[in-house]
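I have placed the structure first, in the form of structure tokens, so that the comments after it can refer back to it.
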Amino acid sequence: MAAPAGAHGPESAAEDEQLVARARRADLSAFEALYRRHAGFAMNLAVRIQGSANDAEDIVHDAFLKANERLSELREGAAFRAWLGSIVVRLVRTRLRRRRFLGTLGLSSPEPIELDAIASPNADPESRVLLAQVYSLLQTMPADDRIAWTLRHVDQHRLEVVATLTDCSLATVKRRILRAQRYLSERFVAPFAEAGS
């Protein structure tokens, strides 16, 4: 599982603050350093929310372009990682909504789930089947609910971090997660359960 958005220690946050200050003064090497430090986090976040690596590199690229353009809007340089995460979440949300809309028009089909991109290399076959079922169900729910649930239960972020990443209130995040959990619970079928139980 990934470390939560704010889970890179105080030293890392202090380094981010220095790099952001330099990047604001048009120091390209500082922004390149921010990219190297956080591209993996951004990529993993996009992949886990989507359930595939499809277009994840484009999303990360676009997220860093937006971050660079809007660096002056970031109040605390130490919060760069969480701020970048919220940009990634917005870009993924837009992509998920567009894909769902095109699907309702019959112009696209659901994306295949890439278990190799989201499952641990050590995952056993049963875990992989369960993960595939969960992601199949996630594809059928509204993007906001899917994102909140994934950030909370797949990425294991604290509720406050999920609220920050999704740019909404704690109460809204809790409602979205609860709605998604109910949806999943009503539709989930344990694939290895015995027929009689």
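The values are calculated or read from the model by the stated rules, or taken from the named source; none is laboratory data. The structure presented is a predicted model; accordingly, all values stated were derived computationally and were not measured. Note that each Cβ is placed from the backbone with ideal geometry, even for glycine, and that neighbours are counted across all protein chains shown.
Whether any residue in the range 96-111 is touching a Gly at 6+ places or on another chain (Cβ under 8 Å), at pLDDT below 85 and closer than 19 Å to V60 by Cα is what I want to check.
Scanning the range 96-111 turns up at least one residue that is touching a Gly at 6+ places or on another chain (Cβ under 8 Å), at pLDDT below 85 and closer than 19 Å to V60 by Cα.
Would you please list the contacts, defined by Cβ atoms under 8 Å and residues six or more apart or on different chains, that run from a residue in the range 44-56 that is in contact (Cβ under 8 Å) with a residue 12 or more places away in the chain to a residue that is polar (S, T, N, Q)?
R48/T150; I49/T150; G51/Q139; A56/Q50
Residue by residue, here is whether (1) out of contact with any helix residue (DSSP H, G or I) (no Cβ under 6 Å at 6 or more places or on another chain); (2) surrounded by 12 or more Cβ atoms within 10 Å (Cβ to Cβ) holds:
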residue: L71; (1), (2): no, yes
residue: L74; (1), (2): no, yes
residue: F80; (1), (2): no, yes
residue: W83; (1), (2): yes, yes
residue: V88; (1), (2): no, yes
residue: R93; (1), (2): no, yes
residue: R98; (1), (2): yes, yes
residue: L102; (1), (2): yes, yes
residue: L107; (1), (2): yes, no
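Take A180 and decide whether it is surrounded by 18 or more Cβ atoms within 10 Å (Cβ to Cβ) and either part of a helix (DSSP H, G or I) or in contact (Cβ under 8 Å) with a residue 24 or more places away in the chain (or both). It would help to see each step written out before you state the result.
Values: surrounded by 18 or more Cβ atoms within 10 Å (Cβ to Cβ): yes; either part of a helix (DSSP H, G or I) or in contact (Cβ under 8 Å) with a residue 24 or more places away in the chain (or both): yes.
Here the answer is yes, as A180 does meet what is asked.
Kindly indicate whether L137 is in a helix (DSSP H, G or I), closer than 15 Å to T164 by Cα and either touching a Phe, Trp or Tyr at 6+ places or on another chain (Cβ under 7 Å) or not acidic (D, E) (or both). It would help to see each step written out before you state the result.
Values: in a helix (DSSP H, G or I): yes; closer than 15 Å to T164 by Cα: no; either touching a Phe, Trp or Tyr at 6+ places or on another chain (Cβ under 7 Å) or not acidic (D, E) (or both): yes.
So L137 fails the test.
Out of contact with any helix residue (DSSP H, G or I) (no Cβ under 9 Å at 6 or more places or on another chain), assigned to a helix (DSSP H, G or I), modelled with pLDDT of 90 or more and surrounded by 12 or more Cβ atoms within 10 Å (Cβ to Cβ), is that true of S127?
On the way: out of contact with any helix residue (DSSP H, G or I) (no Cβ under 9 Å at 6 or more places or on another chain): yes; assigned to a helix (DSSP H, G or I): yes; modelled with pLDDT of 90 or more: no; surrounded by 12 or more Cβ atoms within 10 Å (Cβ to Cβ): yes.
For S127, the condition - out of contact with any helix residue (DSSP H, G or I) (no Cβ under 9 Å at 6 or more places or on another chain), assigned to a helix (DSSP H, G or I), modelled with pLDDT of 90 or more and surrounded by 12 or more Cβ atoms within 10 Å (Cβ to Cβ) - is not met.
Scan A171, A117 and give me the residue that is within 19 Å of L45 (Cβ to Cβ), surrounded by fewer than 18 Cβ atoms within 10 Å (Cβ to Cβ) and not hydroxyl-bearing (S, T, Y).
Details: A171 fails: within 19 Å of L45 (Cβ to Cβ).
Within the list A171, A117, the selection yields A117.
Do we have any residue at all in the range 89-108 that's outside any helix (DSSP H, G or I), on the phi < 0 side of the Ramachandran plot and β-branched (V, I, T)? Full working, then the answer.
First, the residues of the range 89-108 that are outside any helix (DSSP H, G or I): 105-108.
Next, from what is left, pick out any that are on the phi < 0 side of the Ramachandran plot: 105, 107-108.
Now drop any that are not β-branched (V, I, T), which leaves none.
The answer is no; no qualifying residue exists.
Do any residues in the range 12-23 that are farther than 15 Å from N68 by Cα have Cβ atoms under 6 Å from those of residues that are of a type outside the set (S, T, Y) and in a helix (DSSP H, G or I), where the two are at least six apart or on different chains, and which pairs are they?
As it stands, the answer is A13/A78, since those pairs meet every condition given.
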